[in-house]
1. Would a scan of the range 188-199 turn up a residue that is in contact with a Cys (Cβ under 8 Å, 6 or more places away or on another chain) and assigned by TED's automatic domain parsing to the domain that holds ALA47?
2. Out of LEU321, LEU385, LEU345, report the one residue that is under 25 Å from TYR447 (Cβ atoms) and either in contact (Cβ under 8 Å) with a residue 40 or more places away in the chain or out of contact with any Pro (no Cβ under 7 Å at 6 or more places or on another chain) (or both).
3. Name the pairs: first residue in the range 449-472 and in contact (Cβ under 8 Å) with a residue 24 or more places away in the chain and in the same structural domain as ALA428 (by TED's automatic domain parsing), second residue among the basic types (Lys, Arg) and part of a helix (DSSP H, G or I), Cβ to Cβ under 9 Å, at least 6 apart or on different chains?
4. Of all residues in the range 10-28 being exposed (fewer than 12 other Cβ atoms within 10 Å of the Cβ) and in contact with a strand residue (DSSP E or B) (Cβ under 7 Å, 6 or more places away or on another chain), which is farthest from GLY93 (Cα to Cα)?
5. Are any of the residues in the range 325-338 at pLDDT 95 or above and in a loop (DSSP other than H, G, I, E, B)?
6. Do you know which residues across the range 353-369 are touching a residue at least 24 places away in the same chain (Cβ under 8 Å) and either in a strand (DSSP E or B) or surrounded by fewer than 17 Cβ atoms within 10 Å (Cβ to Cβ) (or both)?
7. Considering only residues that are small (Gly, Ala, Ser) and in contact with a Ser or Thr (Cβ under 7 Å, 6 or more places away or on another chain), look in the range 41-58 and name the one that is surrounded by the most Cβ atoms within 10 Å (Cβ to Cβ).
8. Are any of the residues in the range 67-75 surrounded by 20 or more Cβ atoms within 10 Å (Cβ to Cβ), in the same structural domain as ALA189 (by TED's automatic domain parsing), modelled with pLDDT of 95 or more and under 19 Å from LEU177 (Cβ atoms)?
Amino acid sequence: MKNSKEFYINGQWVSPLVANDFPVINPATEQTIATISLGSAKDVDIAVSAARTAFSSFGYSSVEERISLLEALLKQYKDNYDAMAHAISLEMGAPIDFAINAQADCGKGHIKSALSALKEFEFERTLANAQIIKEPIGVCGFITPWNWPINQIACKVAPALATGCTMILKPSEIAPLSAQLFSQMVHDAGYPAGVYNMVHGDGMGVGSAISAHKDIDMVSFTGSTRAGIAIAKSAADTVKRVAQELGGKSPNIILDDANIEKVVKRGILGCMSNTGQSCNAPTRMLVPASHYQQAVDVAKATIAKIKVGNPEEHGNHIGPLVSEDHFNKVQTMIQKGIDEGANLLAGGIGKPTGFETGYYAKPTIFTDVDNDMTIAREEIFGPVLVMIPYEDEEQAIEIANDTPYGLAAYIHSEDADRAKRVARRIRAGMISINGASHYYTSPFGGYKQSGNGREWGEFGFDDFLEIKAINS
């Protein structure tokens, strides 16, 4: 890919101060498809300086100017949509149809929702004798993951651009191709030099430099809770704002009046989507004991139909895990489930038949799981579902909330009012009832160790704004 070893700083593609080559691996073939260079703290300094200089003018740009630029960015994204989908499929193994219909759509969706919010957003109002003004916070640092690469880039960059912030992005070094393409889109959209900057790197190098940098006013991070804690500690010395979207272990509560066959199938498909590499995946299926055997039978029949396939091929299948390291982590967690006594209904250790090359894992279901087991408490981030029986509604709620996470939850019932009543008692930021979708205009984020702050739509603006009161 063009410019793969370069960074985007101050409106141009530039070489790193010191070359530090890093291979980008196609997880389906285990072959190198590009080489990037990992940056350093000094590269971050240059990018932050450019962003700080640009903020002196972009921070005071008009809403009309920012609308025009976002419209230009949206056009660039639409014009390069297929290239984005193919980049994501190559870098993280998303099947091409899923990359086109879901992964790449996120970039377009977040730019559109930020644009819509910007046109209606109230940046000023009067309260008593005060003029209340919402102003851009300043220079932002973004550290984004590999599992939904353009989703997490766009849902941070778009609202930051909309509110008048300038920024430096560190995309995942494992899946950097989508970020390369997006950076070129920002350039071609005509954003002023220094407003948007992108430096490749790893967490220990560029990520740490961003979180600790004295001239960065806020950091937004998406990734593991472990890494989020480290970033928050690093940011504390400069008292910068920290927004985080972290891990999840989301419960899927099937109430006793639900259509077992329909909702168990839906839950399994949701868990296996993106090869289980989604923070909000419904990974804990809570089933009433009175319907448990029926649910297990449906699960066994459903998982047998989940296909594993080459990401280049069209069709409805799941692809590989993103990397060898991640494959090994998922294998370790599956083995832990076996060792702790959970019943292995399907899948297990090793690769599926016919997939000796590539980081493919078997779609796996554990039954008779206790919520104290490791596989019920820790995020596996692979195609692994645990099924937990419960006695009554109160116990289902108790089990659902018995987790350090609180990102998402799923509830199924034929009684909408009952489902909503249960939803109010679940400590999570996003609840889906009977398979309802989460739109780009709704707030995305969670409770407890799933992070703080909210992204998406107008709710994504708040972390990028300071509030000023002018009394007169």
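The values are calculated or read from the model by the stated rules, or taken from the named source; none is laboratory data. Fair warning: this is a prediction, and the values are worked out from it, not measured in the lab. Glycine gets a Cβ as well: all are built from the backbone with ideal geometry, and neighbour counts include every protein chain shown.
1. No, every residue in the range 188-199 fails to be in contact with a Cys (Cβ under 8 Å, 6 or more places away or on another chain) and assigned by TED's automatic domain parsing to the domain that holds ALA47.
2. LEU385
3. Filtered contacts from the range 449-472: no entries.
4. Here the residue is ALA19.
5. The answer is no; no qualifying residue exists.
6. Result: THR357, THR364, ILE365, PHE366, THR367, ASP368.
7. Among residues in the range 41-58 that are small (Gly, Ala, Ser) and in contact with a Ser or Thr (Cβ under 7 Å, 6 or more places away or on another chain), the one surrounded by the most Cβ atoms within 10 Å (Cβ to Cβ) is ALA51.
8. yes
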